[in-house]
Structures are given as structure tokens and as C-alpha cells.
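Visitor: Please read through the structure below; I'll follow up with questions.
Since every read-out is calculated from the coordinates, none of them should be taken as a lab result. Everything numeric in this text was worked out from a predicted model, so none of it was measured. Glycine also receives a Cβ, built like all others from the backbone with ideal geometry; neighbour counts cover every protein chain displayed.
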Amino acid sequence: MNLIITEIKRGLIMAVCTDCNQEMITAKSCNVTDNEFGKRDTRYFDVNERCHDCGIVNKEGNLHHGGCDIERCNRCGGQAISCDCVQES
Ligand SMILES: [Zn+2]
Ligand SMILES: [Zn+2]
Ligand SMILES: [Zn+2]
């Protein structure tokens, strides 16, 4: 059994990040370090080895992929997918 099959069984969705164009399951971190408000916050992670939502390795300095529910807005400090600072699809 290889890693990708294991990850799919745990419920992760195979998807390509629209920001960095990497496969979310295999990328250790997003590589888009800035958004329109400046440097993105890199201190928020869940308790798993990899993010339950976007699949990055949970380590300070790594960046969540766009649309991850752990990502914090670096303007208002709220959950990035639910705040109103960035309006994008
Ligand atoms: Zn990404
Ligand atoms: Zn994430
Ligand atoms: Zn915000």
C-alpha cells in the first residue's frame, strides 16, 4: 500500500491547489507566501501530522493551501474561509 492510497482512505480529497498548482496530498507546504494583505500567517495548524483539510505538513513556517479551514486571515485574524476580507472563488 502506498502513501497516496492511505491518504485517500483517511478521507482527504485529491485536488490541486489553485494558488501553487501542487497536488495537495503530496505537497509539504503551499509556496504562496504573500496575499494582498502581506505575509500570510504560518502559525496555525491542527494536531495531525498533516493538515486534515489541505494536507500540508503541520510545521511552523509551512503554508496552508488556498481555501483550507485552518488558514487564518492575516488582516482580521479570523478564519480565512469565513471572514470577508478576501472575496475570491
Ligand atoms: Zn498551494
Ligand atoms: Zn491546511
Ligand atoms: Zn479577514
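Visitor: What residues have an amide H closer than 5 Å to that of ASN35, excluding those fewer than 5 places away on the same chain, when H is modeled at 1.01 Å from N in the peptide plane?
Guide: ARG40
Visitor: Testing the spin-label approximation: label points 7 Å from Cα along Cα→Cβ at GLU23 and TYR44. State their distance in nm.
Guide: 2.8 nm
Visitor: Amide H to amide H, which residues 5 or more places from ARG50 or on other chains are under 5 Å from it, using H placed in the peptide plane?
Guide: Amide H to amide H, under 5 Å and 5 or more residues apart or across chains, ARG50 pairs with ASN58.
Visitor: Next question. Amide H neighbours of CYS83 under 5 Å, at least 5 residues apart or on other chains, H built in the peptide plane: list them.
Guide: The answer is none.
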